[in-house]
2 protein chains.
Amino acid sequence: MSFTYEYPRGALTVDCVVFGFDGGELKILLIQRGIAPFKGEWALPGGFVSPDESLDEAALRELEEETGLRNVFLEQLYTFGAVNRDPRERVVSVAYFALVQPDEHTTEAQTDADDARWFQISEIPELAFDHSEILKTGLKRLRGKLRYEPIGFELLPEKFTLPQLQRLYESVLGNELDKRNFRKKVLSFGLLIPLDEKRREGPHRPAQLYRFDPARYEALKNEGFLFEI
Amino acid sequence: MSFTYEYPRGALTVDCVVFGFDGGELKILLIQRGIAPFKGEWALPGGFVSPDESLDEAALRELEEETGLRNVFLEQLYTFGAVNRDPRERVVSVAYFALVQPDEHTTEAQTDADDARWFQISEIPELAFDHSEILKTGLKRLRGKLRYEPIGFELLPEKFTLPQLQRLYESVLGNELDKRNFRKKVLSFGLLIPLDEKRREGPHRPAQLYRFDPARYEALKNEGFLFEI
DNA sequence: TGACTTAGTGTCCAAATTACACTTATAGTT
DNA sequence: AACTATAAGTGTAATTTGGACACTAAGTCA
């Protein structure tokens, strides 16, 4: 493996599977491609990795450039390297997994790019390249992680109610949960701090607001605590 | 993200964290580097991805070229892309995770390369590049997966005993397990087929041999069964 | 045949999980 | 002011699961 013989080199990109949740169905952020190949088709946000930035940095940069999103939960997902996944030439893509909290006031995640759009998970169009496969991988990861790590809070506003949290779990995992058992379990972790506020939003009893306590989660983790819902 | 402007390109490699188990401690396969940089130091087996092969193919090829191993359990682990992880130039490495079954007769995994050596997990030397970090990531993955997926069998010979399996779990997870509870749990899955053979290996009662039933696992998985030890 | 070593087995108690129905607080309507 | 509609919030009993625990069985070797 000497450097005296150099292979012809492929290109390296990052692509992001961005999830959002507005209280209804799980959503994914896509952008409409402005250039060939696949011009006009929908694709995951992403782009080329430049030589002076790490993969994480490239993912954050592309996300901001293409969708305006900042301060998102971001984690590496999987690297896709099939030989012909890009029709132009060899391109390997490091896929990322992002969770976006809805804007404090609109309860919906916002973007400032006009070629970006949120799609309900049940209404995803055909995507460019192998992005449908990447998305599927991301969805599988989300479902897996939601059960074993407290990442659901990354999809909710800072202050949220237990019914909101339960709807998120039901929506992502695709099964109904018993209200009493869900609350009992979630509250038993001691990771939710009840606030002096309630959320009024209809002709019915208002719901207690909570916030997640990340510091306490870190502390518990070091004691061998395992989150599981 | 047009192709009209081309970034200078880095190189792409694969590196493999190869685990083995011989009944004692967990082991890792390393190779001694023959060329600079880090000449003479120990490193993970791996090398450059060529443009006409997928990442998985590259990992399999490098593993065979450098260690002689074939038919191993191989799975992508994580992609390491810090800017200066290689002192020569930008090199991004897709790390793989491999489990090797010991040879049927020697009960120890064999390799035919003389610059390759198995190291006990407790006696790993300093490694070249960022390979210590990659190894740490691999070990974390192994510990995580062992609890939730039936991959322990990939580290044991085709026919194995329950005490062997238990020692593997204890060795990897680092805690002692109750013999009766372990057997009860493992056998309750119905994934182990008892053979008409016992393993005699000392002045004591011989142990029942079993083999893992992968087809049954696939079937159970489709019914929503979750493996967990 | 006796000593030694590891394989193999069952029960009881504690803890966790599940199923399940009514009361409470609010907004809107009359 | 009273009534209606709606979603929030609460406890208990039954079942299942997990964990602790000690002896017998089958072989080898002296």
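The values are calculated or read from the model by the stated rules, or taken from the named source; none is laboratory data. Keep in mind that what you see is a predicted model, and the values were worked out from it rather than measured. A quick note on method: Cβ atoms are made from the backbone with ideal geometry, for glycine too, and the neighbour counts reach across all protein chains shown. Remember, those area values only see protein heavy atoms, side chains included, never the ligands or the DNA or RNA. Shrake-Rupley method; radii C 1.70, N 1.55, O 1.52, S 1.80 Å.
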Worksheet, complete the sentence: In this structure, the FRET efficiency calculated for A:Phe225 and B:Gln32 from their beta-carbon separation, with R0 = 41 Å, to the nearest 0.05, is 0.50
Fill in: Size of the A/B contact, given as accessible area buried on both chains, probe 1.4 Å, in Å²
3100
Worksheet item: Given labels modelled 7 Å from the Cα in the Cβ direction, how far is it in nm from A:Arg216 to A:Lys136?
Response: 4.0
Worksheet item: Averaged across the residues of B:182-189, what count of C-beta atoms belonging to other chains lies within 10 Å of each residue's C-beta?
Response: 0
Worksheet item: How many nanometers, to one decimal and shortest first, lie between the label point of A:Lys39 and those of its other copies, if labels sit 7 Å from Cα toward Cβ?
Response: 5.2
Worksheet, complete the sentence: Between A:Val83 and B:Arg117, the two model label points (7 Å from Cα along the beta-carbon direction) sit apart by a distance in nm of 3.8
Item to complete: Output the relative contact order of chain A, whole-number percent, from Cα pairs under 8 angstrom with separation of 6+ residues.
Response: 21
Fill in: Candidates A:Asp52, A:Asp213, A:Asp103: whichever shows maximal mean-square fluctuation once chain A is modelled as a Gaussian network with Cα springs under 10 Å
A:Asp52
Discussion item. Please compute, for peptide B:69-82, the average count of beta-carbon atoms on other protein chains lying within 10 Å of each residue's beta-carbon.
Written reply: 3
Practice prompt. Give the Cα extents of the protein assembly as shown along the principal axes, in whole Å, largest first.
Written response: 77, 58, 38
Practice prompt. Calculate for chain B the 222 nm mean residue ellipticity that helices alone would give, adding -39,500 (n - 2.57) per DSSP H run of length 4 or more and normalising by residue count, nearest 500 deg cm²/dmol.
Written response: -8500 deg cm²/dmol
Practice prompt. Would you mind checking the pairs A:Lys27/A:Lys140; A:Lys179/A:Lys221; A:Lys221/B:Lys136 and listing those with alpha carbons more than 22 angstrom apart?
Written response: A:Lys179/A:Lys221
Item to complete: Express the C-alpha Rg of chain A as a ratio against the empirical globular expectation 2.2 N^0.38 Å, rounded to two decimals.
Response: 1.14
Worksheet item: Given just the C-alpha atoms of the stretch A:158-222, how large is their convex hull per residue in cubic angstrom?
Response: 110
Worksheet, complete the sentence: Averaged over the residues of A:87-98, the number of partner chain Cβ atoms within 10 Å of each residue's own Cβ comes to 2
Item to complete: Just grab the label-to-label distance for A:Lys39 and A:Gln208, each label 7 Å out from Cα along the Cβ direction, in nm (one decimal).
Response: 5.8
Discussion item. Given the whole protein assembly as supplied and a 1.4 Å probe, what does the accessible area of B:Ser122 come to in Å², nearest 10?
Written reply: 80
Item to complete: Would you mind listing the distances between the B:Asp52 label point and the same position in each other copy? Use 7 Å along Cα-to-C-beta, nm, one decimal, shortest first.
Response: 3.7
Worksheet, complete the sentence: Expressed per residue, the solvent accessible area of the protein assembly as shown in Å² (1.4 Å probe) is about 51
Worksheet item: What percentage of the solvent-accessible surface of the protein assembly as shown, computed with a 1.4 Å probe over protein heavy atoms, is contributed by carbon and sulfur atoms?
Response: 47
Discussion item. With a cap of 11 neighbouring Cβ atoms within 10 Å, and only residues DSSP puts in a loop, list the chymotrypsin sites (Phe, Trp or Tyr not before Pro) found in the stretch A:55-162.
Written reply: none
Worksheet item: Can you list the aspartates and glutamates whose alpha carbon sits under 16 Å from that of A:Lys145, skipping same-chain ones fewer than 8 residues off?
Response: A:Glu75, A:Glu154, A:Glu170, A:Glu228, B:Glu149, B:Glu228
Practice prompt. Calculate, axis by axis, the spread of Cα positions in the stretch B:42-178 along the three principal axes, and write the results as whole Å, longest axis first.
Written response: 50, 28, 26
